[in-house]
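Notes to accompany the following structure.
The values are calculated or read from the model by the stated rules, or taken from the named source; none is laboratory data. Everything numeric here is computed off the predicted structure, so don't read it as measured data. Neighbour counts run over all protein chains shown; Cβ positions are idealised from the backbone, glycine included. The protein model used for the area step is the full one, side chains on, heavy atoms only, and it has no ligands, DNA or RNA in it. Shrake-Rupley method; radii C 1.70, N 1.55, O 1.52, S 1.80 Å.
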Amino acid sequence: VQLQASGGGLVQAGGSLRLSCAASGRAFSTYTMAWFRQAPGQEREFVARISWTSVSSTDYTDSVKGRFTISRDNGKNTVYLQMNSLKPEDTAVYYCAAVRGGWNIRPSVYNYWGQGTQVTVSS
């Protein structure tokens, strides 16, 4: 599976962005998809995940709950992260990641990674 993230940019606090992650390869619908982020000098942290099951369960880190929404379109092999009410502390490089059949928030569990897209939120 190859992942290509896009949609980052510069936005003012309170604004919105939608990130996309396009996947190539087979069986996209069997992968749990997640978004992580990494700010300068900090470790990569979990942001959101969506399961591979038909229910498409979702989970978020506390700091983005109510502001970010993860979704997937298996027909388009794409996962999205809608980010609303952005804050300066959301500034980071955002990465999409995939693991087949897993359900975990640890980066080390994910087998496949996109190249990252920069999100910068100005105050």
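Quick check on Ser20: is it without any contact (Cβ under 8 Å) to a residue 12 or more places away in the chain and either hydroxyl-bearing (Ser, Thr, Tyr) or in a helix (DSSP H, G or I) (or both)?
The answer is no for Ser20.
Taking region 68-79 as the range and being over 18 Å from Ser57 (Cβ atoms) and open to solvent by 50 Å² or more (accessible area, probe 1.4 Å) as the test, the residues that pass are Gly75, Lys76. The residue that is nearest to Asn104 (Cα to Cα), counting only those in region 58-76 that are touching a Ser or Thr at 6+ places or on another chain (Cβ under 7 Å) and touching a residue at least 24 places away in the same chain (Cβ under 8 Å), is Ile70. Give region 106-115 a look and list any residue that's buried (at least 16 other Cβ atoms within 10 Å of the Cβ) and more than 16 Å from Arg18 (Cβ to Cβ), or say none. Hits for region 106-115 are Pro107, Tyr110, Tyr112, Trp113. Which of the residues that make up region 74-97 are modelled with pLDDT under 95 and on the phi > 0 side of the Ramachandran plot? The one that is modelled with pLDDT under 95 and on the phi > 0 side of the Ramachandran plot: Asn77. Within region 80-98, restricting attention to residues that are in contact with a helix residue (DSSP H, G or I) (Cβ under 9 Å, 6 or more places away or on another chain) and open to solvent by 10 Å² or more (accessible area, probe 1.4 Å), the residue that is nearest to Gln2 (Cα to Cα) is Tyr95.
Of the residues making up region 14-29, just one is small (Gly, Ala, Ser), within 20 Å of Trp103 (Cβ to Cβ) and either within 10 Å of the chain's Cα centre (by Cα) or open to solvent by less than 30 Å² (accessible area, probe 1.4 Å) (or both), namely Ala23. The criterion of at least 1 residues that are under 20 Å from Val11 (Cα atoms) and under 12 Å from the mean Cα position of the chain (by Cα) is met by the following strands (runs of 3 or more DSSP E) wholly inside region 50-122: 68-73, 78-83, 92-100, 117-122. Examine region 2-9 for a residue that is modelled with pLDDT of 95 or more, surrounded by 14 or more Cβ atoms within 10 Å (Cβ to Cβ) and either aromatic (Phe, Trp, Tyr) or in a helix (DSSP H, G or I) (or both), and state whether such a residue exists. No. Of the residues making up region 30-52, those that are open to solvent by less than 50 Å² (accessible area, probe 1.4 Å) and either free of Cβ contacts under 8 Å to residues at least 40 places away in the same chain or among the hydroxyl-bearing types (Ser, Thr, Tyr) (or both) number 6.
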